[in-house]
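Colleague: Could you have a look at this structure, given as structure tokens, before my questions?
Please treat every number below as a calculation from the coordinates, not as lab data. It should be emphasised that the depicted structure is a prediction, and the values quoted were computed from it without experimental measurement. Methodologically, a virtual Cβ is constructed for each residue, glycine included, from the backbone with ideal geometry; neighbour enumeration extends over all protein chains shown.
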Amino acid sequence: MGANLVLQSRMQQLGLTQEELAAQLNTALEEITGRPGEISSRTVRNLLNGSSKRPIGRTCAALERMFGCPVADLGFSAPSSMQHPPEAPVRRRNFMLSTTGAAVAAVPVVRQQRWSVGMADVARVSAGMDQLVAADDRQGGHTSLANAALDGRDKVLELQQRNASERVRRALYALAAEFTTIAAWSCIDLRDLDTAQQYLHESTTFAGLSQDPLTGIRVWINMAMLAYQRQNWPEQLAAAQAAIASQAARRDPFFSSMGRVRLALAHSCLGAPQAAKRALGSAQETLRKATEEERPRWTAFYGPAELNHLAAIILNGNGQSAEAEAMAHRALAKIPEGFQRNRALATCQLALAQLRQGEPEQATNTAATVFTIMDGAPLPGRMRTLIGDFHRDLLRLAPSTTYARNWADRMRDEWSRT
């Protein structure tokens with residue numbers, strides 16, 4: 001008598017414990033017979049350790065419905081009543097459903113309806129997520145990116161309708177939250193803020209159901225970003241505080257820093273420059289404590305370069321243009337290749353800092369490089385807003401200069417292309 005290694009492997013793939021498999025087999029029996037099943041974890045243990053190599057008809061029926069294959073493929077010998085003709089393995093079969101030998105017609109095993117979902121399915125669906133994040137890094141939010149993210153979310157929600165262990169179901173909810181957050185972020189970047197709000201509320205629900213700390217803090221960070229774009233400073237502050245208080249931030253200084261710099265931005269927007277300075281210093285110190293380790297792909301944007309970029313935004317907002325210029329230069333020196341959108345945004349901050357120090361011609365030359373960095377890609381809404389701010393300030397300070405007129409011509413060309 002030997003252990004059933006086939007069944008063990010299938011359970012591991014699906015992330016199922018013995019108790020969870022028993023519960024799902026009972027659910028399958030109820031779907032077949034209309035009556036609750038009575039399979040216990042002891043029954044499952046006997047199936048695993050080899051004590052039960054030829055399960056009774058009811059158990060076989062549940063196993064076949066649960067795993068979507070004949071019991072022979074699970075390492076068992078089927079009762080004679082359940083021998084499947086080789087030419088029609090998925091047609092209706094008669095299962096022995098009582099010890100008295102009475103047979104009833106069972107619901108057919110249909111592979112496309114109720115098979116179980118495992119971690120391999122989770123990995124398969126999530127494989128395309130990194131590509132979406134990379135596309136955002138290159139050119140920022142765009143409609144096709146949001147639509148692709150929503151397609152990914154819909155595929156995940158379809159998998160949620162199938163049998164799954166608690167572990168797998170939580171992983172699927174985390175995926176649904178991730179895809180929906182990508183769609184929300186894309187809308188933030190596009191400045192479609194009402195739609196972004198809708199998606200973030202949805203992703204908050206999914207993140208809560210997933211009980212995944214990293215997914216949760218991603219949603220809070222995006223909530224803070226959206227509130228900043230909407231100029232809802234109290235909500236921005238609350239979202240940043242929630243991010244700092246999250247389990248992920250308590251465990252990892254990297255995520256704590258990510259929340260603290262958002263707190264600094266919130267204080268700056270609320271007119272509290274000293275509180276902003278303290279929070280920014282805390283974000284810098286906390287990031288220095290973070291160790292190099294593997295983190296989700298979406299976090300790749302954050303590090304010393306992005307922290308310096310956000311510091312430039314805070315300092316520009318506080319009227320400290322010279323310090324903002326220095327921070328923007330530091331950010332641009334370290335932004336990784338491939339992050340075109342972030343490089344262009346930091347360049348916008350540099351141009352604004354130079355303009356506010358009374359250097360309009362140099363600032364104009366700096367701002368013009370934004371279009372080169374984006375390499376013909378449409379400017380996301382957030383970037384268009386910054387460029388628009390620069391354009392208005394430039395024409396106010398130096399309306400009749402040649403470089404300002406040339407800039408205005410360039411702006412019209414770029415805006416019409418977008």
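Colleague: Any idea how far the Cα center of the range 342-399 sits from the one of the range 1-37, in Å?
Modeller: That distance is 61 Å.
Colleague: Related question: What area, in nm² and to one decimal, does the C-alpha convex hull of the chain cast on average over all directions? Could the numbers behind the result be given before it?
Modeller: Numbers: hull surface 99.8 nm².
The directionally averaged projection comes out at 24.9 nm².
Colleague: Now, a different point. Counting Lys and Arg as +1 and Asp and Glu as -1, each charge on the Cβ, what is the dipole of the range 218-267 about the Cα centre in debye, to the nearest 20?
Modeller: Values: 6 positive and 2 negative charges, 18 e Å.
It comes to approximately 80 debye.
Colleague: Over the chain, what is the mean sequence separation of C-alpha contacts under 8 Å (at least six apart), divided by residue count, expressed as relative contact order in percent?
Modeller: On the way: 642 pairs, mean separation 41.7, N = 418.
RCO, the chain: 10 percent.
Colleague: Same structure, new question: Work out the charge dipole of the chain with +1 on the Cβ of Lys and Arg and -1 on the Cβ of Asp and Glu about the Cα centre, then indicate which of SER52, HIS201, LEU172 is farthest towards its positive end.
Modeller: Projecting each Cα onto the dipole axis, the largest value belongs to SER52.
Colleague: Packing-wise, with mean Cβ within 10 Å as the measure, how do 378-390, 293-305 rank, highest first? Walk me through the numbers on the way to the answer.
Modeller: On the way: 378-390: 18.6, 293-305: 15.6.
Put in order of decreasing packing, that is 378-390, 293-305.
Colleague: Treating cross-link reach as a plain straight distance, find the aspartates and glutamates whose alpha-carbon is under 14 Å from the alpha-carbon of LYS155, omitting any fewer than eight places away in the same chain.
Modeller: Answer for LYS155, where 14 Å is the Cα cut-off: ASP121, GLU178, listed by chain and number.
Colleague: Quick one: length gained pulling GLU294 to ALA120 fully straight, 0.36 nm per residue minus the C-alpha distance?
Modeller: Values: separation 174, 0.36 × 174 = 62.64 nm, distance 2.02 nm.
Full extension of this stretch gives 60.6 nm more.
Colleague: Once both axes come from the Cα atoms, what is the angle between helix 5-14 and the longest principal axis of the chain, in degrees from 0 to 90, rounded to 10?
Modeller: The answer is roughly 30 degrees.
Colleague: How far, in degrees from 0 to 90, does helix 340-356 lean away from the longest principal axis of the Cα atoms of the chain, to the nearest 10?
Modeller: Taking Cα atoms only, the helix is inclined about 20 degrees.
Colleague: While we're here: Mind checking which lysines have their Cα closer than 28 Å to the Cα of LYS277? Skip sequence neighbours fewer than 8 apart in that chain.
Modeller: LYS289, LYS334
Colleague: As a check on your grasp of the helix formula, calculate [θ] at 222 nm for the chain: sum -39500 (n - 2.57) over DSSP H runs of n ≥ 4, divide by the residue count, round to the nearest 500.
Modeller: Details: 21 runs with 291 residues, N = 418.
Counting only the DSSP helices, I get -22500 deg cm²/dmol.
Colleague: Additional query: What residue among PHE339, PRO296, LEU379 has its Cα farthest toward the positive end of the dipole of the chain, where the charges are +1 on Lys, Arg and -1 on Asp, Glu, each on the Cβ?
Modeller: The residue sitting most towards the positive pole is PRO296.
Colleague: Give the residue list of trypsin sites (Lys or Arg not before Pro) in the range 25-65 that are DSSP loop and have at most 16 other beta-carbon atoms within 10 angstrom.
Modeller: On the way: sites: ARG42, ARG45, LYS53, ARG58, ARG65; in loops: LYS53.
Of the trypsin sites (Lys or Arg not before Pro), the ones in loops of the range 25-65 whose Cβ has at most 16 other Cβ atoms within 10 Å are LYS53.
Colleague: Does anyone have the angle between helix 213-229 and the longest principal axis of the chain? Alpha-carbon axes, 0 to 90°, nearest 10?
Modeller: The angle comes out at about 30 degrees.
Colleague: Ranking request for peptides 175-183, 251-259: highest mean number of other beta-carbon atoms within 10 Å first, then the rest in descending order. Kindly include the intermediate steps, with their values, before the conclusion.
Modeller: Numbers: 175-183: 27.3, 251-259: 22.8.
Order by mean packing, descending: 175-183, 251-259.
Colleague: Another question, if that's okay. Put a dot 7 Å past each Cα toward the Cβ at GLU361 and ASN406; how far apart are the dots in nm?
Modeller: The modelled label-to-label distance comes out at 1.0 nm.
Colleague: In addition: Ranking request for peptides 30-40, 270-280: highest mean number of other beta-carbon atoms within 10 Å first, then the rest in descending order. Intermediate values should be presented prior to the final figure.
Modeller: Numbers: 30-40: 15.0, 270-280: 17.0.
Ranking, from highest mean packing down: 270-280, 30-40.
Colleague: Given the Cα-Cα distance of LYS53 and THR143 and 0.36 nm per residue of separation, how much length would full extension add, in nm? Write down the numbers at each step before the final one.
Modeller: Details: separation 90, 0.36 × 90 = 32.40 nm, distance 5.48 nm.
So the extension gain works out to 26.9 nm.
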